[in-house]
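S.K.: Okay, handing you the structure first.
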Amino acid sequence: MARLWPDVGLPEIVPLKGDASARRFWRVRVDALGDVPCSAVAIDLGPDDVPVYAKALKLLPEPVPEPPWLNLQRFLAGIGAAVPHIYAADISARMLLVEDVGAMALFEAAESGHAGDLYRLAVDELLILHGRGTEKLDADCIASKIAYDRRLFRWELEQFLDAGLGEVAPGANRNEIAHELDELATRLDRLPRVFSHRDYHGRNLFVQHDCQGRSRIRVIDFQDALMAPAAQDLAVLLTTRDTARVITPKIERRILDYYYAALIRRKIPQLQFDEFLESYRLCVLQHALKVIGRFIMLDRQGKGGYREYIPYALEQARRNLISGEFPGIGAALSH
């Protein structure tokens, strides 16, 4: 900061709460004049560039040429996505200084009202990723090398078998459920893929207001982007954790209609509408089952705050099961 803005005063450094990763964050506030921002965010990228699932499934050669955060920020900024600017990067220290996109997360803003309008803004930004991101994707972008395919869907669902099943349905037939999870992963694997954020939820999106009072969405936590069914990002956006507190089924359907209508206007090749809704249902089901296992694992590791979301995930899974489709899973979740 002293090199960038030599006239700023001594900064105030405030730790920020991260999520389940090893990355750490601080808000750095300064007494600033002119073009100097009054705050920035310092990021410690942590010890690993490759996420656990990519290591387990050997999806990327290691070491990667550069941290994925930098690679994807450059790509996303190039397509006009609303990601933070980079002020400084010290790769040897694994530290970044980036634009502060504010403290008002989308989910928190929606709790105060106008959830449908705010989440439609998030869909507008998501359409840039799915449309322009897919169109402009090239081999230099690390997301082009990783697919949300059958292996990855199934690897995630193993967490439900290993950690979730014993808690939500003790005594359930593990072999029967494992076979049904195989089928779910296979059906998801058949869907067309787009450039995907992968963790596009209301706590990774921030609401900013300009001087005319207009709102825009800013996007963070994009370092795990990959190729995935379009409905996967929508499933995360509209159903993850306790999003049901602000996104009712009525708002959910309106946003899905809005997204699909935008695809038609942009002439982006996509599934037929009934096929799109089916892909969304399956993505919600997979995501809900995955996070049940994931949140129980995090709780057992002493990372508090995740167990409270399990009832929401159970409800999302139950409402997206069709009678007789996956009988073993249905029976397990009926307890």
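S.K.: Pairs needed: first member in segment 131-143, more than 19 Å from Pro65 (Cβ to Cβ); second member anywhere, part of a helix (DSSP H, G or I); C-beta distance under 7 Å; at least 6 residues apart or different chains.
M.R.: From segment 131-143, the pairs are Gly131/Arg266.
To keep it simple, each residue is scored yes or no on (1) assigned to a helix (DSSP H, G or I); (2) loosely packed, with under 14 Cβ neighbours inside 10 Å.
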position	(1), (2)
Met1	no, no
Val14	no, yes
Ala22	no, yes
Gly34	no, yes
Val41	no, no
Ala54	yes, no
Val64	no, no
Asn71	yes, no
Phe75	yes, no
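S.K.: Which pairs turn up if I take residues in segment 9-30 that are without any contact (Cβ under 8 Å) to a residue 40 or more places away in the chain and at negative phi and look for partners that are outside any strand (DSSP E or B) and basic (Lys, Arg) with beta carbon separation below 9 Å, at least 6 apart in sequence or on another chain?
M.R.: From residues that are without any contact (Cβ under 8 Å) to a residue 40 or more places away in the chain and at negative phi, the pairs are Phe25/Lys17.
S.K.: Continuing with this model, one more query. Taking interchain pairs and intrachain pairs at least six residues apart, which have beta carbon atoms under 9 angstrom, with the first residue in segment 105-130 and basic (Lys, Arg) and the second part of a helix (DSSP H, G or I)?
M.R.: Filtered contacts from segment 105-130: Arg120/Arg254; Arg120/Ile255; Arg120/Tyr258; Arg120/Tyr259.
S.K.: Taking segment 241-287, which residues are within 22 Å of Pro192 (Cα to Cα) and hydroxyl-bearing (Ser, Thr, Tyr)?
M.R.: Passing the criteria: Tyr258, Tyr259, Tyr260, Ser279, Tyr280.
S.K.: While we're here: Which one is surrounded by the fewest Cβ atoms within 10 Å (Cβ to Cβ) among residues in segment 178-190 that are more than 22 Å from the chain's Cα centre (by Cα) and closer than 12 Å to Glu325 by Cα?
M.R.: Filtering segment 178-190 for residues that are more than 22 Å from the chain's Cα centre (by Cα) and closer than 12 Å to Glu325 by Cα, the one surrounded by the fewest Cβ atoms within 10 Å (Cβ to Cβ) comes out as Glu183.
Here's the yes/no breakdown for (1) surrounded by 19 or more Cβ atoms within 10 Å (Cβ to Cβ); (2) more than 25 Å from Asp48 (Cα to Cα):
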| site | (1), (2) |
| --- | --- |
| Val207 | yes, yes |
| Cys211 | no, yes |
| Met227 | yes, no |
| Ala231 | yes, yes |
| Leu234 | yes, yes |
| Tyr258 | no, yes |
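S.K.: Anything in segment 52-111 that is among the hydroxyl-bearing types (Ser, Thr, Tyr) and touching a Leu at 6+ places or on another chain (Cβ under 8 Å)? List them, or say none.
M.R.: Correct list: Tyr53, Tyr87.
S.K.: Would you confirm whether any residue within segment 292-300 is touching an Asp or Glu at 6+ places or on another chain (Cβ under 7 Å) and surrounded by fewer than 20 Cβ atoms within 10 Å (Cβ to Cβ)?
M.R.: So far as segment 292-300 goes, no, none of its residues is touching an Asp or Glu at 6+ places or on another chain (Cβ under 7 Å) and surrounded by fewer than 20 Cβ atoms within 10 Å (Cβ to Cβ).
S.K.: Does segment 120-132 contain at least one residue that is under 29 Å from Asp35 (Cα atoms) and among the basic types (Lys, Arg)?
M.R.: Within segment 120-132 (the criterion being under 29 Å from Asp35 (Cα atoms) and among the basic types (Lys, Arg)), the answer is no, since none of the residues qualifies.
S.K.: Determine if segment 293-309 includes at least one residue that is closer than 28 Å to Phe195 by Cα and among the β-branched types (Val, Ile, Thr).
M.R.: No - not one qualifying residue is present in segment 293-309.
Listed here are the residues, each with its yes/no results for (1) outside the structural domain of Ala115 (by TED's automatic domain parsing); (2) of a type in the set (Ser, Thr, Tyr); (3) free of Cβ contacts under 8 Å to residues at least 60 places away in the same chain; (4) within 23 Å of Tyr119 (Cα to Cα).
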residue	(1), (2), (3), (4)
Tyr258	no, yes, no, yes
Leu263	no, no, no, yes
Arg266	no, no, no, yes
Glu278	no, no, yes, yes
Leu289	no, no, no, no
Phe295	no, no, yes, no
Gly304	no, no, yes, no
Glu315	no, no, no, yes
Ser323	no, yes, yes, no
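S.K.: While we're on this one: Restricting attention to segment 18-43, which residues are modelled with pLDDT of 85 or more and more than 16 Å from Leu96 (Cα to Cα)?
M.R.: If the condition is that a residue be modelled with pLDDT of 85 or more and more than 16 Å from Leu96 (Cα to Cα), then Val30, Val36, Cys38 are the ones that fit.
S.K.: Suppose we keep only residues that are acidic (Asp, Glu) and touching a helix residue (DSSP H, G or I) at 6+ places or on another chain (Cβ under 9 Å) within segment 118-170. Which one would you say is surrounded by the most Cβ atoms within 10 Å (Cβ to Cβ)?
M.R.: Per the stated criteria, the residue is Glu156.
S.K.: Any idea which of (1) more than 19 Å from the chain's Cα centre (by Cα); (2) in a strand (DSSP E or B); (3) buried (at least 16 other Cβ atoms within 10 Å of the Cβ) is the one Val8 doesn't satisfy?
M.R.: Checking Val8 against (1) more than 19 Å from the chain's Cα centre (by Cα); (2) in a strand (DSSP E or B); (3) buried (at least 16 other Cβ atoms within 10 Å of the Cβ), the one that fails is (2).
The values are calculated or read from the model by the stated rules, or taken from the named source; none is laboratory data. Quick caveat: nothing in here was measured; it's all calculated off a predicted structure. Cβ coordinates were reconstructed from backbone atoms using ideal geometry, including for glycine residues, and neighbour counts include every protein chain displayed.
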